[in-house]
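Just so you know, all these numbers are worked out from the coordinates, no wet-lab data involved. In this text the structure is predicted, and so the values were computed from the model without any measurement. Counting neighbours? That spans all protein chains shown, and the Cβs are built from the backbone with ideal geometry, glycine included.
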Amino acid sequence: MNAPRVRFAPAPTGFLHVGSARSALFNWLYARHMGGTMVLRVEDTDVSKKTQEFVDAILEPLQWLGIDWDEGPYFQSDRIDSHKAAVDRLVADGRAYRCDLTRDQVEALSAEAKLSPGYYGWSRDREVAPGPGVVVRFRAPDHGTTVIDDVVRGRVEVAHETIEDFVISRGDGSPTFLIANAVDDHEMAISHVIRGEDLLNTTAKVMLLWDALGYGEPPTYAHLPLLVNEQRKKLSKRRDDVALSDYVAKGYLPEAMVNALALLGWGPPDEVEIRPLQEIVDLFTLEAVNKSAAFFDIKKLNHINAEYIKALDPARFTELVEPYMTADEAPWPAAAYRAEVVEALAPEIQQRIVNLSEAPTWVSWLFVPAIEHYDEKSWNKAMVKGRAAGRVLDEVIAALDDDPFDDPATIETAVMGVGNRLSEEFEVRVMSQAPVRVAVTGHSAGIPLWQAITLLGREATLERLRAARARLGG
RNA sequence: GCCCCCUUCGUCCAGUGGCCUAGGACGCCGGCCUUUCACGCCGGUAACACGGGUUCGAAUCCCGUAGGGGGUGCCA
């Protein structure tokens, strides 16, 4: 068997859809697994959307995912002459004909004939002359069956009676994607067409054109299960978060995204889900792709992303997180940010976040001059309801005054010592960490306190403790 | 309406006639660890849509039913 040639053929809609990304990935996995060729073809037959902006919106996310291609991008709009030639040939051969009926007229005719809505070859013998508004329709066979030998779906039969005389050239003379598909797949010697199940219905039409054009053996088809939302509906631009770029912005790692996408409609035989891309390439086969639609579950993506983040080495993590740390939305001025401090804290942050954009909240206390806003719940729990919070702060301030501040362990001993002493005094457990944490970080949840205090240093820590003590009053 | 496709835990995947009293992962619940939040570890919950066949034997094969989805454009 020759090395396969596959193609990813997105329409330039202005962004890359998660579903398209999954299709691209499966094409890519198959090509790489088989040592084949990946062709990229932009299907811009409709309007002229071939602006650099629209094209980049597709290509950039692909590159981000690590999906590369060996040929292209080709543009269908550049190949319009070939498509037109094919249309002319079909007309000349009597396999297609012109039609000047509008959509309304077609509907009226089917209603009049008491048939379900559709086109029933009304213009087959009308000898319509070419001209503006005149389309070309393929003369679909009245009898027989087209069989699609789909790698994932098996044998799919479509009776020719159910295929209407579909349009292959629009009223303005531009060819439709059906004819462009047949012509391009043929001329680009595509051996495997791997795409979403939503295109299964068009396959018989393209195969009919393929045959009418005398192209011989059609490519092998593989229709992937659809990606759906919680309501089990096809992922849609309007309702669902489908733009890959949004996931990029939120701080999902490409490795995690690609790993998660690979797990929708396919699974490795050994059941190891999180693994390097190369292993997925090695294990991937089209035959193992399943047939049923898959819900794109953000929870699973989150878990996978969290795993990849935890596995990052601190330097790399710091690098990746920098854009979020210095963004305008960050709780401190970009100039106050210090990467080496974050790197020191990296492992602590890494085990607490699901995506990179969450990183700043874990160090929101770090690069600001003082705590301006205490989390209300935290303050209430630790200071107001907390036992002897005022005493704890007083004594910790006193204890820390003498502390050398160079070692988390010493700080821990000092703060915990206060808690233990007060516990004895009041004969009830007094937690010293909570009030100190809230005073220093403004929140009851966070990275290990002793480390935080060490990083902050003596002056800032004492200042914050005193500020909180004053705020507490009493 | 018509055409096409699909149907294993809530979700994703494994399972291709006996290894299945159905396995893994996410989620959820419980526990351990812990003077924060997490991480980690341990345990639990939970499914072969239904009905008929075929077979010594069916989640796996066949038929039917039901449910879900996709398509039905001079979009792709």
Seminar exercise, completed: The residue that is nearest to RNA strand B (Cβ to nearest atom), considering only those in the stretch A:182-196 that are touching a residue at least 40 places away in the same chain (Cβ under 8 Å) and assigned to a helix (DSSP H, G or I), is A:Asp184
Exercise. Restricting the search to the stretch A:133-154, which residues are over 16 Å from A:Trp210 (Cβ atoms) and either of a type in the set (A, V, I, L, M, F, W, C) or near RNA strand B (Cβ under 7 Å from one of its atoms) (or both)?
Worked result: A:Gly133, A:Val134, A:Val135, A:Val136, A:Val151, A:Val152, A:Arg153, A:Gly154
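How many of the residues making up the stretch A:254-288 are hydrophobic (A, V, I, L, M, F, W, C), in a loop (DSSP other than H, G, I, E, B) and touching a His at 6+ places or on another chain (Cβ under 9 Å)?
Qualifying residue count, the stretch A:254-288: 2.
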For this session: Need at least 3 residues that are surrounded by fewer than 17 Cβ atoms within 10 Å (Cβ to Cβ), in contact (Cβ under 8 Å) with a residue 60 or more places away in the chain and more than 13 Å from RNA strand B (Cβ to nearest atom) per element, so show me which helices (runs of 4 or more DSSP H) inside the stretch A:372-435 make the cut, counting only ones lying wholly within it.
Result: A:389-401
Problem set entry | Members of the stretch A:263-313 found to be touching a Pro at 6+ places or on another chain (Cβ under 8 Å) and hydroxyl-bearing (Ser, Thr, Tyr), listed by number | A:Ser292
For this session: Could you please find all residues in the stretch A:83-121 being without any contact (Cβ under 8 Å) to a residue 24 or more places away in the chain and at positive phi?
Result: A:Lys114
Exercise. Do you know which residues across the stretch A:151-167 are within 33 Å of the chain's Cα centre (by Cα) and either of a type outside the set (D, E, K, R) or exposed (fewer than 15 other Cβ atoms within 10 Å of the Cβ) (or both)?
Worked result: A:Val151, A:Val152, A:Gly154, A:Arg155, A:Val156
Seminar exercise, completed: Residues of the stretch A:297-349 being under 23 Å from A:Leu261 (Cα atoms), in contact with a helix residue (DSSP H, G or I) (Cβ under 6 Å, 6 or more places away or on another chain) and near RNA strand B (Cβ under 10 Å from one of its atoms), in sequence order, are A:Leu301, A:Ile304, A:Lys310
Exercise. In the stretch A:436-454, what residues are of a type in the set (Gly, Ala, Ser) and part of a helix (DSSP H, G or I)?
Worked result: A:Ala439, A:Ala452
Problem set entry | Tabulated pairs, the stretch A:219-240, first within 7 Å of RNA strand B (Cβ to nearest atom), second assigned to a strand (DSSP E or B) and among the aromatic types (Phe, Trp, Tyr), C-beta under 9 angstrom, 6+ apart or interchain | A:Val228/A:Phe295; A:Arg232/A:Phe295
Problem set entry | Residues (among the hydrophobic types (A, V, I, L, M, F, W, C) and more than 11 Å from RNA strand B (Cβ to nearest atom)) located in the stretch A:9-26 | A:Phe15, A:Leu16, A:Val18, A:Ala21, A:Ala24, A:Leu25, A:Phe26
